[in-house]
Amino acid sequence: MENSEKNFRDPQFKTTMIPGPLMKFARQCIIFQLIGMAMFGLRSIIVIVTNKRNTRQVPANR
Amino acid sequence: MAQIVIMGAGVAGHAAATILGDAIGAEHKIIVVAPNSHWNYIPSNVWVGTGTMKKEEVLFPLRPIYEQVNVDFRQAKAISIHPEGKEESDTPFITVEYVDPDRQGETEEIPYDYLINATGPKLNFAKTPGLGDENGIGEHTVSICSADHATHAHQRLDEMLERARSTKQKVLIGTSDGTCTCQGAAFEYILNVEQKARKMGVRDNVEIKWISNEPYIGDFGMDGLHLGVAGYAISSKLFGESLFAERGIHWITDAHVSKVEEGRLEYELIDGTMHEESFDFAMLIPQFTGVGLKAYDKAGEEITDELFMPNGFMKVDADYTPKSYEEWKAGDWPVTYQNPSYKNIFAAGIAFAPPHPISEPRKSPNGTPITPAPPRTGMPSATIAEAVAHSIISLLRDGESAKLTTASMAEMGALCVASAAVGWKAGQGVSFTVYPIVKDYDKYPGTGRDTLRTFGSIGLYGHWLKTALHYMFIYKAKVKPGWKIIPG
């Protein structure tokens with residue numbers, strides 16, 4: 001059992017998620033992370049574009 | 001020629017100054033008044049606080065940048081606003097006191113046609129007894145709110161970690177007052193401190209504990225969020241708690257730190273019970289308030305209440321009518337950041353007064369408010385400043401047909417990258433997008449946000465991104481070629 005998993009015996013940690021070996025590998029795998037970064041980049045662009053689209057011009061003399 | 005005065009040169013003030021200077025600096029006079037001679041890329045202070053970066057890497061002098069974009073920089077502290085002028089003149093002005101070594105202590109009246117209040121917060125260490133006083137942080141704890149604070153935090157952290165080689169040590173990181181904001185910075189710091197303790201081989205001797213005013217880890221003053229992860233909408237509570245559990249970090253939430261002494265602090269929980277914790281090293285974010293600007297009318301009578309809310313933040317076009325949590329609407333939030341009484345005054349960044357928190361307001365049975373204040377730093381701060389700058393450009397160029405640019409936090413998304421560990425191969429970061437920042441249950445009845453555009457993950461690329469953002473935003477802030485195409 002890995003040290004991080006021993007932590008889950010602690011009552012405060014009982015209801016949390018435990019990352020499995022695959023997730024731990026994926027978090028630090030350069031290829032997987034490059035793909036993750038590209039996906040995050042795409043979503044970021046969507047948010048930035050949404051912000052631009054939501055910007056309105058309202059008359060100053062309302 | 002009009003005169004535009006910007007109070008403050010942080011994220012919002014600097015963004016507004018560079019946009020205005022670049023667009024209209026040749027035709028109009030742009031003046032920036034700020035007490036600091038250097039710009040600080042605050043998101044990287046967390047790395048200064050652990051020694052990953054040096055103070056010099058997060059700071060650069062403002063004056064040479066402003067000379068490039070026709071902005072007049074005055075190193076001074078704004079004291080008061082006189083929006084109606086004075087008896088002998090109708091021209092509005094602000095009073096400032098110089099902190100520039102060449103003019104130290106001199107006062108000056110600076111007239112304006114348009115004023116942007118981007119002063120940021122006052123770090124109110126005095127609110128928590130023992131945390132500090134009116135002059136700043138005290139000797140019992142550290143802070144990473146400024147580059148100097150972070151440098152000091154790094155020294156104290158290294159001393160504690162050296163002691164941990166031979167004796168058990170206890171670390172407390174989080175927020176102090178029950179109304180604090182900026183939990184994200186403390187969240188990053190605790191994870192980086194944990195990694196540093198592991199790297200030094202002393203983790204078993206260091207007990208690390210989180211203490212915050214949030215109802216749960218991951219509230220972040222935004223009433224929490226649901227992140228789209230692996231096909232699920234996972235709550236930030238589960239996400240945050242799991243990360244802490246994996247790192248062996250315990251937590252205390254719903255806490256208002258009421259007193260700090262050497263090596264111990266007292267806190268009240270939302271149920272009204274009082275507790276105490278000991279520590280060998282503590283980093284606690286102070287309460288943020290307005291910087292304490294005063295306002296006066298033409299006759300010299302104080303009208304501070306007309307311009308500012310009691311917490312010192314400036315009133316803008318928000319709906320400040322007191323309402324219950326259930327009645328809060330996205331429409332309560334400001335869109336143009338124009339002061340309702342004086343239309344030539346705007347506020348941007350932390351300086352504007354939010355209509356209410358985003359998180360549910362709570363009080364202990366003793367009447368102590370324990371509610372995180374809404375975050376207005378980083379991306380929203382720069383986006384608001386950009387909108388205000390474009391509004392002023394239109395007011396100057398288009399006269400009667402001028403249009404104001406909107407930037408409501410209820411219609412705005414944000415990107416956030418929180419460092420969880422450093423290193424090109426061992427690093428980790430939590431990267432997430434949130435849309436909109438202020439929940440809108442009318443549009444998104446489920447979680448209050450669009451779960452397709454509220455997405456998060458943790459991994460090595462978060463560290464790469466955080467590093468890339470550091471260099472990219474400093475590049476932009478230095479107005480180097482192509483700076484305008486980098487989003488704020």
Query raised in the report: Any residue in the stretch B:172-195 that is open to solvent by 40 Å² or more (accessible area, probe 1.4 Å) and either within 14 Å of chain A (Cβ to nearest Cβ) or under 16 Å from B:ASP280 (Cα atoms) (or both)?
Result: no
Requested in this report: Could you please give the count of residues in the stretch B:25-61 that are in a strand (DSSP E or B) and over 18 Å from B:TYR98 (Cα atoms)?
Outcome: 4
Report summary line: The lone condition B:SER166 fails out of (1) touching a Lys or Arg at 6+ places or on another chain (Cβ under 7 Å); (2) open to solvent by 70 Å² or more (accessible area, probe 1.4 Å); (3) not acidic (Asp, Glu) is (1)
Query raised in the report: B:GLU246 is checked against (1) acidic (Asp, Glu); (2) assigned to a strand (DSSP E or B); (3) within 11 Å of another protein chain (Cβ to nearest Cβ) and fails just one. What number does that condition carry?
Result: (2)
Query raised in the report: Do we have B:TYR475 as closer than 30 Å to B:GLY21 by Cα and open to solvent by 20 Å² or more (accessible area, probe 1.4 Å) here?
Result: yes
Report task. Could you please find all residues in the stretch A:39-62 being out of contact with any helix residue (DSSP H, G or I) (no Cβ under 9 Å at 6 or more places or on another chain) and more than 7 Å from every other protein chain (Cβ to nearest Cβ)? Result -> A:MET39, A:LEU42, A:ILE45, A:VAL49, A:LYS52, A:ARG53, A:ARG62
Report task. Please go through the stretch B:454-472 and pick out each residue that is free of Cβ contacts under 8 Å to residues at least 60 places away in the same chain, of a type in the set (Phe, Trp, Tyr) and either on the phi > 0 side of the Ramachandran plot or surrounded by 22 or more Cβ atoms within 10 Å (Cβ to Cβ) (or both). Result -> B:TYR461
Report task. Can you give me the ranges of the strands (runs of 3 or more DSSP E) entirely in the stretch B:62-176 with at least 3 residues that are under 28 Å from B:ILE370 (Cα atoms)? Result -> B:122-124, B:169-175
**Report entry** Output for the stretch B:249-274, where each listed residue is in contact with a helix residue (DSSP H, G or I) (Cβ under 7 Å, 6 or more places away or on another chain) and part of a strand (DSSP E or B)
**Finding:** B:HIS250, B:TRP251
**Report entry** Number of the condition not met by B:PHE125 [criteria: (1) open to solvent by 40 Å² or more (accessible area, probe 1.4 Å); (2) touching a residue at least 24 places away in the same chain (Cβ under 8 Å)]
**Finding:** (1)
Query raised in the report: Tell me, which residue of the stretch A:15-62 that is of a type in the set (D, E, K, R) and over 30 Å from B:SER391 (Cα atoms) is least open to solvent (accessible area, probe 1.4 Å)?
Result: A:ARG27
Report summary line: The residue from B:ALA402, B:ALA410, B:ALA389 that alone is free of Cβ contacts under 8 Å to residues at least 24 places away in the same chain and of a type in the set (A, V, I, L, M, F, W, C) is B:ALA402
**Report entry** Residue satisfying condition, being open to solvent by 10 Å² or more (accessible area, probe 1.4 Å) and within 23 Å of the chain's Cα centre (by Cα), within set B:ALA373, B:ALA421
**Finding:** B:ALA373
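The values are calculated or read from the model by the stated rules, or taken from the named source; none is laboratory data. Here the structure is a predicted model, which is why all the values come from computation and not from measurement. As a convention, Cβ positions derive from the backbone with ideal geometry for all residues, glycine included, and neighbour counts pool all protein chains shown. For accessibility, only protein heavy atoms count, side chains too; no ligands or nucleic acids. Shrake-Rupley method; radii C 1.70, N 1.55, O 1.52, S 1.80 Å.
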